[in-house]
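Just below is one structure, and these are the notes that go with it.
Please treat every number below as a calculation from the coordinates, not as lab data. For clarity, every value in this text was computed on a predicted model and none was experimentally measured. Ideal geometry is used to build each Cβ from the backbone, glycine not excepted, and the neighbour counts take in all protein chains shown.
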Amino acid sequence: NAGVTQTPKFQVLKTGQSMTLQCAQDMNHEYMSWYRQDPGMGLRLIHYSVGAGITDQGEVPNGYNVSRSTTEDFPLRLLSAAPSQTSVYFCASSYSGTHSPLHFGNGTRLTVT
Amino acid sequence: AQSVTQLDSQVPVFEEAPVELRCNYSSSVSVYLFWYVQYPNQGLQLLLKYLSGSTLVKGINGFEAEFNKSQTSFHLRKPSVHISDTAEYFCAVSSNSGYALNFGKGTSLLVTP
């Protein structure tokens with residue numbers, strides 16, 4: 001099983017550019033989420049989804065959009081990148097919410113200059 | 001809102017020594033607690049979880065944790081560590097909704113010969 005696949009692994013953007021971070025899982029998980037990891041801050045929840053067509057905001061949603069058109073995919077969009085969005089982004093999925101073990105991707109390291 | 005505090009940002013320890021990584025939580029309702037581990041340049045993986053039942057929880061790689069309601073703690077322990085245990089360890093608590101996981105800031109465990 002591939003598990004949770006994130007692409008790209010690395011990305012450099014200029015301020016104001018847009019991009020989409022891809023996340024796909026092949027475990028038929030209903031719950032998917034995006035976290036950002038910053039030094040000394042732990043992981044903070046950006047957005048999550050409990051099923052196709054359903055998304056909700058987490059702790060730090062500003063500057064990010066998500067959609068969930070299929071069970072497998074949960075892309076994260078940055079509409080106008082800012083230096084404050086320089087971070088490592090993790091996608092995670094589980095069978096049903098956070099009481100089930102979260103399966104994490106290997107992360108996308110994003111730098112905004 | 002539920003939150004966790006990891007009391008040590010770094011814990012250096014010699015190989016084969018015991019280790020305890022401390023985590024305290026704040027919540028006024030039922031809690032669901034987790035420990036995740038992150039090896040260098042990887043995503044997180046679940047070590048163990050407490051949802052209910054026995055307060056002593058055993059996880060993978062010889063780790064265990066004890067849920068202590070009176071002290072609002074969920075400390076992680078291992079009786080004898082290996083070099084391969086060097087990693088970042090995150091304590092986390094699930095929100096009431098079960099759709100958000102609130103992470104601590106992490107404890108870096110460094111095991112040396």
Exercise for the section: Look through A:Ser69, A:Ser84, A:Ser100 and report the one residue that is hydroxyl-bearing (Ser, Thr, Tyr) and touching a residue at least 40 places away in the same chain (Cβ under 8 Å). Expected result: A:Ser100
Handout entry: Residues being under 11 Å from the mean Cα position of the chain (by Cα) and either within 11 Å of chain B (Cβ to nearest Cβ) or crowded, with 21+ Cβ neighbours inside 10 Å (or both) - total across region A:22-36
Key = 6
Completion exercise
Heads up, the strands (runs of 3 or more DSSP E) in region A:32-113 (entirely inside) with at least 1 residues that are over 16 Å from A:Gln22 (Cβ atoms) are A:42-51, A:54-57, A:87-94, A:108-112
Practice task
Looking only at region B:85-107, decide whether some residue is over 18 Å from A:Leu45 (Cβ atoms), within 14 Å of chain A (Cβ to nearest Cβ), touching a Cys at 6+ places or on another chain (Cβ under 6 Å) and among the hydrophobic types (A, V, I, L, M, F, W, C).
Solution key: no
Problem - Checking B:Val111 against (1) over 15 Å from the mean Cα position of the chain (by Cα); (2) of a type in the set (A, V, I, L, M); (3) within 13 Å of chain A (Cβ to nearest Cβ), the condition it does not meet - result: (3)
Problem - Matching strands (runs of 3 or more DSSP E) fully within region B:24-106 where at least 2 residues are exposed (fewer than 14 other Cβ atoms within 10 Å of the Cβ) - result: B:56-58
Completion exercise
Taking region A:37-50 and keeping only residues that are free of Cβ contacts under 8 Å to residues at least 24 places away in the same chain and within 9 Å of chain B (Cβ to nearest Cβ), one is left with A:Gly40, A:Met41, A:Gly42, A:Arg44, A:Leu45, A:Tyr48
Exercise for the section: Report, ordered by the first and then the second residue, all pairs with beta carbons closer than 8 Å, sequence separation of six or more or different chains, a first member in region B:35-51 that is more than 8 Å from every other protein chain (Cβ to nearest Cβ), and a second member that is basic (Lys, Arg). Expected result: B:Trp35/B:Lys49; B:Leu48/B:Lys58
Exercise for the section: For A:Thr55, indicate whether it is of a type outside the set (Asp, Glu), farther than 29 Å from B:Asp8 by Cβ and more than 14 Å from chain B (Cβ to nearest Cβ). Expected result: no
